[in-house]
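Contents: one structure, followed by commentary.
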Amino acid sequence: MSLPNRVFHLLDVLNIEQKKFAEEIGLTDKVVSKWKSGGLKSYTKYLTEIVGFFGVPPDYFLERGVFKNWEEIMKYPVSVYSELRNCLPKSSADPMIGRDNDQIAWLDKRMCYTPTGQDEIDLINWFYRNIDEVKIIKKNDIPERYDPAEVSIKFKHTARIALTEHLAQKTRDRLSGEQKEPTPVDGDGQGRNIIKIAGRDGSFIERHLTDEQVVALKLMLAQLPEVDDL
């Protein structure tokens, strides 16, 4: 989606009149109309004003980083949210999202229900701060909000550092006795998180992992290159 198309998309979902937008960035309604029709391409000169009006990063309009396939992400928000929930530690906080800073609950509210225009603005800024790339493999040719899709997510370096520190702090709390909540167990008394490591000879080794170790493992695996890239 081109820069002007993304401008008009945000105007639409935010229910903002084109005329008001034009006035706010110092242009006439006629000029902005020509952006829409393709008659003018002067919008690149006004990127700073456009970004300031909507309160989103320039990368969104320039289709850089995670925003290369933003429309596809918004077609499969539930699948993307499910993968984020798998990667993010439980109760992880983000002070940038305000008082409601539990990231998982915050993302659930904005991705698993019909989002408002402001919800999309909030998501654009959250993804800009935290995510480098989202890859989506469609399950069929008809995109629906609740259709399943395979999703892989690459976190930004700064976000990975924050997640690692969060996990390390939870581990320190548990070891020091400050974390009293027991790890859920099955009937045999073992932790619920069990992985099997396969050997080339067909043998398997089982390992029991804590929730924190599972999240750390998923983050590590998400950064590994595909076999074909090696």
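Key figures for this structure:
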read-out	value
Breaking point among (1) more than 19 Å from Arg110 (Cβ to Cβ); (2) at pLDDT below 95; (3) surrounded by 17 or more Cβ atoms within 10 Å (Cβ to Cβ), for Ile50	(2)
Trp126 vs. criteria hydrophobic (A, V, I, L, M, F, W, C) and within 16 Å of the chain's Cα centre (by Cα)	yes
Residue selected from region 123-163 under the condition of a type in the set (S, T, N, Q) and surrounded by 15 or more Cβ atoms within 10 Å (Cβ to Cβ), by the criterion modelled with the highest pLDDT	Asn125
Odd one out for Ile124, checked against (1) touching a Phe, Trp or Tyr at 6+ places or on another chain (Cβ under 7 Å); (2) farther than 20 Å from Phe8 by Cβ	(2)
Count of residues meeting criterion [within 20 Å of Lys75 (Cβ to Cβ), open to solvent by 30 Å² or more (accessible area, probe 1.4 Å) and not acidic (Asp, Glu)] in region 1-16	6
Residues of region 53-102 that turn out to be at pLDDT 90 or above, over 16 Å from the mean Cα position of the chain (by Cα) and open to solvent by 60 Å² or more (accessible area, probe 1.4 Å), as a count	1
Cβ pairs under 8 Å, 6+ apart, first in region 27-38 and of a type in the set (Asp, Glu), second surrounded by 15 or more Cβ atoms within 10 Å (Cβ to Cβ)	Asp29/Gln18; Asp29/Ala22
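The values are calculated or read from the model by the stated rules, or taken from the named source; none is laboratory data. Given the structure is predicted, the values throughout are model-derived calculations rather than measurements. FYI the Cβ positions are ideal-geometry reconstructions off the backbone, even for glycines, and counts take in every protein chain you see. Ligands, DNA and RNA are excluded from the accessible area calculation, which covers all protein heavy atoms including side chains. Shrake-Rupley method; radii C 1.70, N 1.55, O 1.52, S 1.80 Å.
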